[in-house]
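Here is the structure we will look at.
The values are calculated or read from the model by the stated rules, or taken from the named source; none is laboratory data. This is a predicted model, so every value here is computed, not measured. With ideal geometry, Cβ positions are generated from the backbone for all residues, glycine too; neighbour counts draw on all protein chains shown.
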Amino acid sequence: MISTGINGIDDMLGGGIPRGSRVMYSMEPGVDGQLFMISTLFAALSKGLSCLVVLPHTTFDIFKHDAAMKRGCTMEIFNKKVVFIDAVDRERIEKSSRTRKDVLKAWETKVKKLSKENAVEIAFIYVDLLYNDLGLEGTISIAEAAKTSGTTTLILEHLNLEGRSLIDQFIEKYSYDLIIAISSAFRSQLHFNYFTLMHTSWSNVPRRSVPFIATEGRVVPYIPKIVVTGPTQAGKSTFVTNASDLGFSIDRRGVAGDPTTVAMDFGWLHWKNFEITVYGTPGQQRFDSVVPMLLSHAMGIVLLIDATKPSALERARHHVQLIREKRLPMVIAANKSDLPGTMSDSEIRKGLDLQKDVPLFFISATRKGDVRLVLESLVDYITQYTN
Amino acid sequence: MYNFKSGIVQIDQGFGGFEAGTNFLVLAPPMSLAEDLAYSLTKPLPGEYAIVLSTNDRAAEVIDAFKVMEVDKRYVGTIDAITKSSTPGIADTTRLMFVASPTDLTGIGIKFSKMVELIFDGDFSDGESGLFPPPVRFCVNSVSTLLMYRKLEVLYQFLHVLTSKVKKIDGVGFYLLNNESFDEKTISLVKQLMTGVIEVKIEQSTNYLRIMGIKGVPSKWQKFSVQKGQVVIGP
Ligand SMILES: Nc1nc2c(ncn2[C@@H]2O[C@H](COP(=O)(O)OP(=O)(O)OP(=O)(O)O)[C@@H](O)[C@H]2O)c(=O)[nH]1
Ligand SMILES: [Mg+2]
């Protein structure tokens, strides 16, 4: 097995990438996903595997500097077993070839030769310019030229400007074994990156999306979290419990006999390839100090209010303010709409000083369907990537 | 909706400037004042930010150009696609980022996103901050260079990504293209991605411009010059 160099992904893949596999990291433009390929390369180098790196868009000198800078280490690692084909070679090939066919031939020959001479075990190929120059077929056949033995592993990185259709071709037409798409959710005020295991040929890992942060030269996957907050007795614990079957809350009997949350509620749900944890905050003012901590690193917030209780709006406004300060995406759920005497949409918006574009739902947290709808809308709202 | 003042009376007075979320092609012959024009349109006014993608000039030259316009440099970011080829070890800073070469679209996309993120997070201007949400002006100098290295279809898709992002963050974008080096097909394809076109021509060493695609702004040719980063219309 070959390590991706990323903790967490190897586990998801059942230990790593089987030798001889064809792998593609497919990057959506603008997403800082270059650390995926670099992590895999560094893992291979430090294991002493013989590597070939094809970088038509840059020189190996620049590449080494960049890669070391990204990882926050020295360039010493490149003293290991590695050979490069870079932009200078590309220029040479272009100059000495008359037709596109000659160019392709020259690439294949060069790649095959280096791969053979160095008994290359993993070839890392930056596809982008090859695809530009020689099309998809050409790129694939250059990659195949590196496979001088059945156990040579191919790792491609591609700037995917075409989206899903290109990924499908890699899966169906070229039988790639592992495709990891790297994308971002960008909604003007919040930004997060995630990768998706699109396809794994050697095991049936379900398609999964996992957010990640790139920190100190490492890709770190994390479990996304949605936080449900709002005034006391709004129904937060009920909401979180109904969000998942695994939900539980740390409640204690309050003075009036109602159970009130003292630490947090916790639940779990699966939606759109994301596994999401749902946290509920306590509502009582005396627990306010824990709320900012619960909000940190949240991907989105559900603000839950009791629609029958206008007097609590002022308290909810405090929550709105806190969420705005953190610039987190938010939806409002007006709960207990099964009861008579609920406020209207405009009363709530006015009371909370909300803009028109903040989604507001009237729900009953006791109904699982309502709870799901709110959470799904929130995840859609956050991850929607419109061009 | 935010409006970006252009500094051109004809645009700003009647129409308040460029609407947020718009993209303009600056189509011009070589040796014209197009670059000065584009930089002047990209110049951030107080509270605004600017990002310049430079495939022709080194970052130092871009910074100089903005200095001449008396811009607060804390609000200007440069993505430089030139310097790295001669100085491979050069490191990024908040407002100065480098990509390997103009062919490195992956790098360009990432650095652009990064700067936008820094601006939105309020980490761009040494603790200072402008308006929120931040109005961002973006300039690509030039699309011509990008096109020299890339197939039209690929670059079209890439520009589509950039122009969409400008739209999404409610910014304004200016994209320089030399109209003498490319055929009609190329130009018209790039135009499809734009809200409007600012065209420049030279006649008897005088620069003229016309603006197409802003409702109500007449698209007739007008003499212009650029003085200290200010576009001056008329003789
Ligand atoms: N009628 C009705 N009652 C509800 C609904 N949701 C919650 N409740 C009731 O409202 C009360 C408070 O619910 P909780 O879920 O404990 O509220 P909470 O927001 O977690 O309260 P704190 O933890 O004290 O802040 C309970 O008695 C619930 O049964 C609903 O949709 N309709
Ligand atoms: Mg509770």
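Tabulated data for the structure shown
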quantity	calculated
Unique residue being within 14 Å of chain B (Cβ to nearest Cβ), surrounded by fewer than 18 Cβ atoms within 10 Å (Cβ to Cβ) and charged (D, E, K, R) when the list is A:GLU137, A:GLU157, A:GLU144, A:GLU162	A:GLU162
Residue in region A:76-87 that is surrounded by 19 or more Cβ atoms within 10 Å (Cβ to Cβ), touching a residue at least 12 places away in the same chain (Cβ under 8 Å) and assigned to a loop (DSSP other than H, G, I, E, B) present	no
Qualifying position, being in contact with a Ser or Thr (Cβ under 6 Å, 6 or more places away or on another chain) and in the same structural domain as A:TYR126 (by TED's automatic domain parsing), among A:LEU52, A:LEU45	A:LEU52
Residue in region A:176-196 that is within 20 Å of A:GLY14 (Cα to Cα), surrounded by fewer than 21 Cβ atoms within 10 Å (Cβ to Cβ) and hydrophobic (A, V, I, L, M, F, W, C) present	no
Qualifying residues in region B:171-222 (those that are among the charged types (D, E, K, R) and out of contact with any strand residue (DSSP E or B) (no Cβ under 8 Å at 6 or more places or on another chain)) - the one nearest to B:GLU19 (Cα to Cα)	B:LYS215
Qualifying positions in region B:134-185 - more than 16 Å from the chain's Cα centre (by Cα) and buried (at least 23 other Cβ atoms within 10 Å of the Cβ)	B:PRO134
Matching option when the condition is of a type in the set (A, V, I, L, M, F, W, C), part of a helix (DSSP H, G or I) and farther than 19 Å from B:ARG150 by Cα, among A:LEU130, A:LEU114	A:LEU114
Strands (runs of 3 or more DSSP E) enclosed by region B:181-235 - at least 1 residues per element that are over 16 Å from B:LEU27 (Cβ atoms) and in contact with a helix residue (DSSP H, G or I) (Cβ under 7 Å, 6 or more places away or on another chain)	B:222-227, B:230-233
Hey, B:ILE63 within 11 Å of another protein chain (Cβ to nearest Cβ), part of a helix (DSSP H, G or I) and under 15 Å from the mean Cα position of the chain (by Cα) or not	no
Test result for A:GLU216, among the acidic types (Asp, Glu) and more than 12 Å from every other protein chain (Cβ to nearest Cβ)	yes
Filtered residue count, region A:349-377, keeping only those that are assigned to a helix (DSSP H, G or I) and either exposed (fewer than 15 other Cβ atoms within 10 Å of the Cβ) or of a type outside the set (A, V, I, L, M) (or both)	10
Residues within region A:122-134 that are of a type in the set (Phe, Trp, Tyr) and either over 25 Å from the mean Cα position of the chain (by Cα) or within 13 Å of chain B (Cβ to nearest Cβ) (or both), tallied	2
Some residue of region A:281-293 being in a strand (DSSP E or B), under 20 Å from A:THR238 (Cβ atoms) and of a type outside the set (Phe, Trp, Tyr)	no
Verdict on A:ASP306 being within 17 Å of A:ILE223 (Cα to Cα) and within 16 Å of ligand 2 (Cβ to nearest atom)	no
